[in-house]
1. For the stretch 416-465, which positions are out of contact with any His (no Cβ under 7 Å at 6 or more places or on another chain), at negative phi and among the small types (G, A, S)?
2. Across the stretch 417-436, which residue is farthest from W357 (Cα to Cα) among those that are of a type in the set (S, T, N, Q) and more than 43 Å from the chain's Cα centre (by Cα)?
3. Which of the residues belonging to the stretch 533-549 are within 21 Å of L448 (Cα to Cα) and either of a type outside the set (A, V, I, L, M) or not in a strand (DSSP E or B) (or both)?
4. Checking T408 against (1) within 30 Å of R470 (Cα to Cα); (2) in contact with an Asp or Glu (Cβ under 7 Å, 6 or more places away or on another chain); (3) without any contact (Cβ under 8 Å) to a residue 24 or more places away in the chain, which single condition isn't satisfied?
5. Going by the conditions given, is D115 under 33 Å from the mean Cα position of the chain (by Cα) and surrounded by 12 or more Cβ atoms within 10 Å (Cβ to Cβ)?
6. Is at least one residue of the stretch 433-453 surrounded by 16 or more Cβ atoms within 10 Å (Cβ to Cβ), under 28 Å from N569 (Cα atoms) and either without any contact (Cβ under 8 Å) to a residue 60 or more places away in the chain or among the basic types (K, R) (or both)?
7. How many residues does the stretch 268-288 hold that are in contact (Cβ under 8 Å) with a residue 40 or more places away in the chain and of a type in the set (D, E, K, R)?
8. Taking G567 as the residue in question, decide whether it is in contact with a Phe, Trp or Tyr (Cβ under 7 Å, 6 or more places away or on another chain), over 22 Å from T436 (Cα atoms) and outside any strand (DSSP E or B).
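The values are calculated or read from the model by the stated rules, or taken from the named source; none is laboratory data. Only a predicted model underlies this, so the values are computations on that prediction, with no experimental measurement involved. Methodologically, a virtual Cβ is constructed for each residue, glycine included, from the backbone with ideal geometry; neighbour enumeration extends over all protein chains shown.
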Amino acid sequence: MGSQGLQGRRAPAPRKGRRPRRNQVVDFQPVPPRRLWIVYGLLAAGLSGLALRLAWVQVIQGNELLNRARAIQTQTITPLGRRRTIVDRQGRLVALDEERFTVWAHPRYFSFPGDDIGRLRSPLDVARKLSPVLAKPMGDLLKAMEGRKSGVKLTSELDPETAQRVRELGISGVDLEAYPQRVYPQAGLFANVVGFLNLERIPQAGLEQSRDRDLRRQEASRSLRRGADGTPLPDGLKPGVLYGDDLKLQLTLDARLQQVTQMALAKQVKKWKAQRGAVLVMDVSNGELLALASTPTYNPNQFWKYKPGLFREWSVQDLYEPGSTFKPINLAIALQENAIDPSGKVNDSGKLTIGGWPIFNHDRKGNGVIDFPTVLQVSSNVGMVEAMRRVQPARFWHWLHTLGIDNTPDTDLPGAVAGQLKSLETFKTQPIEPATAAFGQGFNLTPLKLIQLHAMLANGGRLVSPHITRGLRSGDDLASAPPASGVQLIRPAIAQTVLNWMETVVEKGSGRGVQIPGHRIGGKTGTAQKARNGVYVSGAKITSFIAHLPINNPRYVVLVVIDEPKGENAYGSTVAVPVAKQIIEALLVLEKIPPSRSVPTTARQSS
């Protein structure tokens with residue numbers, strides 16, 4: 001409609017109370033081309049800048065920003081270096097890692113939940129809250145934080161329950177650092193074989209040191225990605241990273257028998273004011289040790305309170321002359337060489353002179369013409385020399401070498417050492433050497449080696465490897481006993497003959513104190529002179545007793561060695577035999593060994 005149309009119409013009358021509206025007309029002016037080019041240039045420049053910035057961020061800074069983003073989104077969990085648990089043959093805990101915490105304070109960041117942003121709490125406020133939880137005087141906490149802004153160690157060795165109470169306080173600037181701590185629940189019961197870790201968790205002795213690689217858990221750093229709301233994302237995990245290492249090292253030792261052994265041994269060592277003592281109990285079929293106790297011992301949970309000399313197991317690492325407990329081994333050698341007849345006899349005159357050296361019986365008395373069971377019963381030195389004279393010195397030395405006297409035993413016990421044996425040339429040219437070796441002196445071995453040789457007699461002539469571990473097991477599973485093993489060295493019939501002779505020692509000889517009604521037990525006592533640096537020490541002796549049971553079906557050997565007991569009546573029969581009897585009584589119950597024969601009525605009544 002044109003302007004004439006508008007002019008021909010009458011404008012509406014204004015409403016009462018309202019001002020009339022004025023029509024405004026804006027004339028459009030053409031935009032100058034220069035202005036358009038300026039706007040276009042600005043837009044082009046902006047887009048070009050964004051493109052360049054985008055290229056810079058994606059190409060030049062891409063890797064840096066990606067790493068920064070991953071650092072924020074990814075949580076890396078560093079392994080604490082935990083170690084595997086050690087258990088006994090029944091699964092009882094011997095050593096394990098427990099989680100402990102160190103509390104760190106950073107006063108420059110102190111604040112409480114609900115505080116205004118930027119409010120800084122004083123060390124006094126924090127100490128007042130922490131003191132009852134940590135069970136530490138508030139003054140000690142304040143003194144530790146005085147004048148310091150960060151990195152204040154308030155306490156350590158905090159248990160998980162107390163750490164959770166600290167965490168629930170929600171104090172900003174108080175951190176908990178987790179770490180594993182090695183704990184030995186049995187205290188000193190297995191210290192001689194298990195060893196311990198020092199405060200830096202470095203193995204210092206025993207299995208902790210010798211089996212260090214086996215006891216380290218397989219742990220890897222875990223990197224877990226999280227979403228914007230903190231939700232864990234399934235990507236970024238390597239195969240096997242969530243694998244839980246639940247393996248444990250199982251021992252052959254029995255904590256129950258070890259406890260009985262330790263108590264009986266410690267009591268006798270104290271009674272006789274001896275320097276030390278050791279007891280070994282072995283399964284003769286496979287070489288497993290059910291008990292390996294020594295005294296004095298130490299508590300590995302507080303190792304710093306003890307002398308380092310206690311950290312080694314002397315029954316595995318120290319040499320001694322076995323004395324009369326070696327006589328059954330020598331008789332087996334003589335029988336194997338067909339040098340003596342099982343029913344033969346020897347003349348015990350009470351004294352001999354060999355190569356200008358006098359040899360006496362322990363009581364300086366002769367026993368006349370006696371058979372070999374009697375030689376063991378009275379522990380005749382002269383009778384043994386007469387018997388072993390029938391074995392050529394070279395053959396005698398060959399057997400001692402074959403039995404491994406001068407070789408390190410094949411064992412998993414840490415620190416095991418070889419014995420000492422004179423050279424073959426010395427044996428052949430100096431008659432006194434085979435003569436003294438006949439009654440167990442003139443050479444050295446460890447108690448571990450002696451019980452290994454006696455296990456050979458008990459199992460029918462097989463030399464087994466002594467050991468205290470059954471290997472690594474998973475979960476709650478326990479390893480069963482390994483099958484019979486060993487290298488056959490002595491004919492079974494010969495081994496049984498010697499066992500029968502040893503039974504007479506318990507029935508009629510110096511081992512009578514170990515008799516238990518209904519059970520057939522063989523044994524041999526020993527009271528040997530003690531040598532230092534090749535010279536026998538006046539009055540110093542080592543008393544011992546070796547027991548086999550049951551004789552009709554040998555399963556176990558028990559060896560008791562007590563070093564330097566004091567007193568006029570200190571012999572193997574008085575010092576070592578009582579310890580062996582207590583251990584055998586416990587062993588019969590724990591291993592459910594039935595009687596070998598019926599018990600007489602009088603014996604039942606007396607018991």
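1. Hits for the stretch 416-465 are A416, A418, G419, S423, A435, A437, A438, A455, S465.
2. The residue in question is T429.
3. Selection gives K541, T543, S544, F545, H548.
4. Condition not satisfied by T408: (2).
5. no
6. Yes, the conditions are met somewhere in the stretch 433-453.
7. Residues flagged as in contact (Cβ under 8 Å) with a residue 40 or more places away in the chain and of a type in the set (D, E, K, R) within the stretch 268-288 amount to 4.
8. yes
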